[in-house]
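See below for the structure under consideration.
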Amino acid sequence: MKGPIISGAVILAGVFIFLKFLLPLFTAPLPASLIYLYLALALSGIMIYGTMSAPSLEAMMGPVYRFLSGQGQSGMGHMARLAVLVMFPLLVGWQTYSSLAPSDLPPAENRTIHPAPPGEFVGLSNPYPKTPENIMMGKGLYAAYCSPCHGANFDGKGTAAPGFNPPPADFTDPGTIAQLQEAYLFWRIKKGGVGLPVEGMPWKSAMPRWEEELPEEFIWKIIMGEYDGAHQSPRTWEEEE
Amino acid sequence: MLNGLGSLRTISIIGLFGVLGFSSAFASEPPASEEPGSVSVRMYQLEGSLPVDDPNSSQWDSVPGSEFNLAPQVHWPPRIQEVTVKSVKAKGVHNGQELAILVEYDDPTEDAGDAAALEFMVGDKPAHFAHGQEMLQVEGGPVNIWFWKKESGQAVDMSAKGFKTLETQPRQDVQGKGVWQNGTWKVVFSRLLKTEDEQDVQIEPGEWKSVAFAIWDGAIVDGLVKEKGGQKAVSTWWYIRAEPSADNSIFGWVILGLALAAAFELVIVRKLRKGQSV
């Protein structure tokens, strides 16, 4: 009599384990909302299967009805029923509280770290050759204008860095400039924090709008110096194709 | 049936204790210790008058604070590479009408040029933390700045929306009082939670607002003021909130939820028992 319920529970558990733990071994992890959706679909299938005929309905729901009615129960069965009857209202009460209680936490920030640049910056390439002289000049400019925040070692640990939120980018981290094209850095250096789009909110970036102080030549050479000093290479169109 | 009713009586009693447990666990008592790695200033609700004129009032001792790192202002010229004040502590209180924010920081010398400021976003539009300067891709909003200076001994209510737009408001709503002692400045800013000035930040209890800090060390070094104007220690945006009063109506809804769930159970159990006995 308990077969369909246990089978249904095993199927649901199997689906959950597959989606949550096995699938990520082969592809990107699924978001929790999608896992819940698949579980709901699996549960719907189990319910449809279990209620297709009167015998299957009795096989699936009969034990539940007898458990809840409590007739003929004693000992552990009686205690289990009591626990279920107590827990259900408490769960409803907790859910009611959770949905009504005001949040005590500050608003979540969904800042996009690398928002898309304006179209005019897409596809630009560094017009200056990567000669030792240009790289050296770029490093010198970096030391003068960028290192107080981004650090003499290109690691985001400049003398001013501890006060910033978000912290200055660590260029030695493979997740920063190595993921970006030179054109992207050119946009961020040229326009600074005020060049960020809506996705960059809240606008906390202290990055100066260097176009007001530095010629474009300096900016391109600073980019060269950054990549060389951080031992990273810019992402290129060739890699993306 | 009696068995079912007995169970529901038990449910009701346990539910009642549950509600009482909720009530005591979530009463709005401030936590006892300071928050490490703060992201917000919480203005706790006090009864009666606030310590608006006394930065050393014992009332502040009962309120937990927050601490925020400061950085040299490097966003626009004139920049500064090194600042005296590396972090600032903040505490806040309100009484439903008025608010007071205590700003505390280490500064080895008391100088006429010493100053402190709080900055808030105003209205619904987000603003850049640097004086609400113009964003290039989207229009931002203005900021409200409360600026206190040792020299004047007062706080000034100011507004800005971009560089070179900082101005003293025609209507002044902010008060300030600072005390320097043993290398520490304590400055209290106070104001009504809500004002009739549209240039002001309006504080609604329970609502998060954005706040930033700025500190100037006015010490004279080689005949020049060390930090003034754009040369200052700054923070970017953090959060601030006047803590709301405890809303006990929630517990009424919780009791209603419990009662409905218990009634639902009663109906189901009765129905099942009748069905089996027929």
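The values are calculated or read from the model by the stated rules, or taken from the named source; none is laboratory data. Quantities reported herein were computed from a predicted structural model and do not represent experimental measurements. Neighbour counts run over all protein chains shown; Cβ positions are idealised from the backbone, glycine included.
Among the residues of segment B:120-144, write down those that are over 15 Å from B:F213 (Cα atoms) and of a type in the set (S, T, N, Q).
B:Q133, B:Q137 - these are the residues of segment B:120-144 that are over 15 Å from B:F213 (Cα atoms) and of a type in the set (S, T, N, Q).
Exactly one condition in (1) more than 17 Å from the chain's Cα centre (by Cα); (2) under 14 Å from B:D217 (Cα atoms); (3) within 14 Å of another protein chain (Cβ to nearest Cβ) is not met by B:V88; state its number.
If we test B:V88 against (1) more than 17 Å from the chain's Cα centre (by Cα); (2) under 14 Å from B:D217 (Cα atoms); (3) within 14 Å of another protein chain (Cβ to nearest Cβ), just (1) comes out false.
Got a sec? Which of B:W185, B:W208 is under 21 Å from B:W237 (Cβ atoms) and either in the same structural domain as B:K91 (by TED's automatic domain parsing) or not aliphatic (A, V, I, L, M) (or both)?
After applying the criteria, what remains is B:W208.
Are any of the residues in segment A:36-50 out of contact with any strand residue (DSSP E or B) (no Cβ under 8 Å at 6 or more places or on another chain) and at pLDDT below 85?
Checked against the condition, which is being out of contact with any strand residue (DSSP E or B) (no Cβ under 8 Å at 6 or more places or on another chain) and at pLDDT below 85, segment A:36-50 yields no hits at all.
Determine, yes or no, whether A:S33 is away from chain B (no Cβ under 14 Å), in a helix (DSSP H, G or I) and farther than 30 Å from B:R273 by Cα.
yes
Which residues, counting only those in segment A:1-43, are surrounded by 13 or more Cβ atoms within 10 Å (Cβ to Cβ) and either among the charged types (D, E, K, R) or closer than 23 Å to A:L57 by Cβ (or both)?
A:P4, A:I5, A:S7, A:G8, A:I11, A:L12, A:V15, A:K20, A:L39, A:A42, A:L43
In segment A:121-180, which residues are of a type in the set (V, I, T) and under 22 Å from A:T236 (Cβ atoms)?
The answer is A:V122, A:T131, A:I135, A:T172, A:T176, A:I177.
Looking at (1) over 30 Å from the mean Cα position of the chain (by Cα); (2) more than 30 Å from A:G225 (Cα to Cα); (3) hydrophobic (A, V, I, L, M, F, W, C); (4) exposed (fewer than 15 other Cβ atoms within 10 Å of the Cβ), which is the one condition that is false for A:A144?
Evaluating A:A144 over (1) over 30 Å from the mean Cα position of the chain (by Cα); (2) more than 30 Å from A:G225 (Cα to Cα); (3) hydrophobic (A, V, I, L, M, F, W, C); (4) exposed (fewer than 15 other Cβ atoms within 10 Å of the Cβ) leaves (2) as the failure.
In segment B:50-81, what residues are out of contact with any strand residue (DSSP E or B) (no Cβ under 6 Å at 6 or more places or on another chain), free of Cβ contacts under 8 Å to residues at least 24 places away in the same chain and under 29 Å from A:G193 (Cα atoms)?
Scanning segment B:50-81 gives a single hit, B:V74.
Restricting attention to segment A:174-186, does a residue exist that is under 30 Å from B:S38 (Cα atoms), surrounded by fewer than 19 Cβ atoms within 10 Å (Cβ to Cβ) and more than 10 Å from every other protein chain (Cβ to nearest Cβ)?
Checking segment A:174-186: at least one residue is under 30 Å from B:S38 (Cα atoms), surrounded by fewer than 19 Cβ atoms within 10 Å (Cβ to Cβ) and more than 10 Å from every other protein chain (Cβ to nearest Cβ).
B:L50 - would you say it is within 10 Å of chain A (Cβ to nearest Cβ) and either crowded, with 20+ Cβ neighbours inside 10 Å or modelled with pLDDT of 95 or more (or both)?
Criteria not met by B:L50.
Given the conditions (1) part of a strand (DSSP E or B); (2) surrounded by fewer than 21 Cβ atoms within 10 Å (Cβ to Cβ); (3) within 14 Å of another protein chain (Cβ to nearest Cβ); (4) of a type in the set (V, I, T), report the number of the one that B:V179 does not fulfil.
Checking B:V179 against (1) part of a strand (DSSP E or B); (2) surrounded by fewer than 21 Cβ atoms within 10 Å (Cβ to Cβ); (3) within 14 Å of another protein chain (Cβ to nearest Cβ); (4) of a type in the set (V, I, T), the one that fails is (3).
Using beta carbons and a limit of 8 Å, which pairs, at least six apart or on different chains, have the first residue in segment A:145-159 and among the hydroxyl-bearing types (S, T, Y) and the second one part of a loop (DSSP other than H, G, I, E, B) and surrounded by 22 or more Cβ atoms within 10 Å (Cβ to Cβ)?
A:S147/A:G158
Having 1 or more residues that are within 30 Å of A:M47 (Cα to Cα) is the bar; report the helices (runs of 4 or more DSSP H) wholly within segment A:64-177 that clear it.
Answer list for segment A:64-177: A:76-100.
Right, B:I268: in a helix (DSSP H, G or I), within 26 Å of the chain's Cα centre (by Cα) and facing another protein chain (nearest Cβ under 7 Å) or not?
no
When the residues of segment B:101-140 are narrowed to those that are assigned to a strand (DSSP E or B) and closer than 17 Å to B:E204 by Cβ, which ends up nearest to the other protein chains (Cβ to nearest Cβ)?
Checked segment B:101-140; the qualifying residue nearest to the other protein chains (Cβ to nearest Cβ) is B:M121.
Only one of (1) in contact with a helix residue (DSSP H, G or I) (Cβ under 8 Å, 6 or more places away or on another chain); (2) closer than 18 Å to A:V198 by Cα fails for A:G140. Which number is that?
For A:G140, the exception is condition (2).
Which of the following residues is farther than 30 Å from B:S249 by Cα, assigned by TED's automatic domain parsing to the domain that holds A:S205, in contact with a Pro (Cβ under 8 Å, 6 or more places away or on another chain) and among the small types (G, A, S): A:G138, A:G151?
Going through A:G138, A:G151 in turn, just one is farther than 30 Å from B:S249 by Cα, assigned by TED's automatic domain parsing to the domain that holds A:S205, in contact with a Pro (Cβ under 8 Å, 6 or more places away or on another chain) and among the small types (G, A, S): A:G151.
I'd like to know if segment A:219-239 contains one or more residues that are surrounded by 14 or more Cβ atoms within 10 Å (Cβ to Cβ) and free of Cβ contacts under 8 Å to residues at least 24 places away in the same chain.
No.
For residues that are more than 10 Å from chain A (Cβ to nearest Cβ) and among the charged types (D, E, K, R), scanning just segment B:221-264, find the one that is surrounded by the fewest Cβ atoms within 10 Å (Cβ to Cβ).
Within segment B:221-264, the match that is surrounded by the fewest Cβ atoms within 10 Å (Cβ to Cβ) is B:D222.
Do you know which residues across segment A:187-204 are modelled with pLDDT under 90 and more than 8 Å from chain B (Cβ to nearest Cβ)?
A:E199, A:G200
Would you check which residues across segment B:54-78 are under 20 Å from B:W237 (Cβ atoms) and of a type in the set (D, E, K, R) and list them?
Answer for segment B:54-78, where residues must be under 20 Å from B:W237 (Cβ atoms) and of a type in the set (D, E, K, R): just B:E67.
Are any residues in segment A:94-113 surrounded by 14 or more Cβ atoms within 10 Å (Cβ to Cβ), more than 9 Å from chain B (Cβ to nearest Cβ) and not charged (D, E, K, R), and if so, which ones?
Correct list: empty.
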